[in-house]
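Enquirer: So that we are looking at the same thing, I have put the structure below in structure tokens.
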Amino acid sequence: MNNKTLSIISYITIIGWLVAYFVGKDNADSLLKYHLKQSFALFIVTLVFSVALNIIANIFPFLSFLSIISLAIWILAILGIINASNEKQKPIPVIGKWAENQFAFLN
């Protein structure tokens, strides 16, 4: 697989990220490394929000409508996939700038 394809796959669940990382780690270019960072940050944010929202919904059931945030996370993933397919190193909104300076193991 080429790096563009691996960049796209990295946004499709954590399994896709692992496949993209392990298949492309030997010949990763800047595009793949960039999107690996972006998608990894998205998965971390997803995990944190998921745990936090589940705790909040269990304590205050009337706030379970906050799960609509998961829709925003899907939109961010789709934007990342679009950027990867266009071979752009453009940060995904909200968390993308933070992700650019994180995860040194992906350099």
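Enquirer: Just one of Lys33, Lys37 is out of contact with any Pro (no Cβ under 8 Å at 6 or more places or on another chain), part of a helix (DSSP H, G or I), open to solvent by less than 30 Å² (accessible area, probe 1.4 Å) and of a type in the set (Lys, Arg); which is it?
Expert: From the options Lys33, Lys37, the qualifying one is Lys37.
Enquirer: Among the residues of the range 93-105, are any under 13 Å from the mean Cα position of the chain (by Cα), buried (at least 16 other Cβ atoms within 10 Å of the Cβ) and free of Cβ contacts under 8 Å to residues at least 60 places away in the same chain?
Expert: yes
Enquirer: In the list Ile92, Ile69, which residue meets the criterion of being modelled with pLDDT under 95, of a type in the set (Val, Ile, Thr) and touching a Phe, Trp or Tyr at 6+ places or on another chain (Cβ under 7 Å)?
Expert: Ile69 is the lone residue from the list that is modelled with pLDDT under 95, of a type in the set (Val, Ile, Thr) and touching a Phe, Trp or Tyr at 6+ places or on another chain (Cβ under 7 Å).
Enquirer: Among the residues of the range 1-11, count how many are in a loop (DSSP other than H, G, I, E, B) and either hydrophobic (A, V, I, L, M, F, W, C) or open to solvent by 40 Å² or more (accessible area, probe 1.4 Å) (or both).
Expert: Residues flagged as in a loop (DSSP other than H, G, I, E, B) and either hydrophobic (A, V, I, L, M, F, W, C) or open to solvent by 40 Å² or more (accessible area, probe 1.4 Å) (or both) within the range 1-11 amount to 2.
Enquirer: Would you mind telling me which numbered condition in (1) surrounded by 12 or more Cβ atoms within 10 Å (Cβ to Cβ); (2) without any contact (Cβ under 8 Å) to a residue 24 or more places away in the chain Trp74 fails?
Expert: (1)
Enquirer: Moving on to the next point. Against the definition (in a helix (DSSP H, G or I), crowded, with 17+ Cβ neighbours inside 10 Å and out of contact with any Asp or Glu (no Cβ under 8 Å at 6 or more places or on another chain)), how does Ile69 come out, yes or no?
Expert: Here the answer is no, as Ile69 does not meet what is asked.
Enquirer: On to the next question. Go through (1) open to solvent by 90 Å² or more (accessible area, probe 1.4 Å); (2) in a helix (DSSP H, G or I); (3) within 15 Å of Ser10 (Cα to Cα) and name the single condition Glu87 misses.
Expert: The one condition Glu87 does not meet is (2).
Enquirer: Output yes when any residue across the range 12-25 is open to solvent by 70 Å² or more (accessible area, probe 1.4 Å) and not hydrophobic (A, V, I, L, M, F, W, C), and no when none is.
Expert: yes
The values are calculated or read from the model by the stated rules, or taken from the named source; none is laboratory data. Every value quoted in this text rests on a predicted model; they were computed, and no experiment measured them. When we count neighbours, we look across all protein chains shown, and the Cβ atoms used for this are built from the backbone with ideal geometry, even at glycine. With ligands, DNA and RNA removed, areas are computed over all heavy atoms of the protein, side chains included. Shrake-Rupley method; radii C 1.70, N 1.55, O 1.52, S 1.80 Å.
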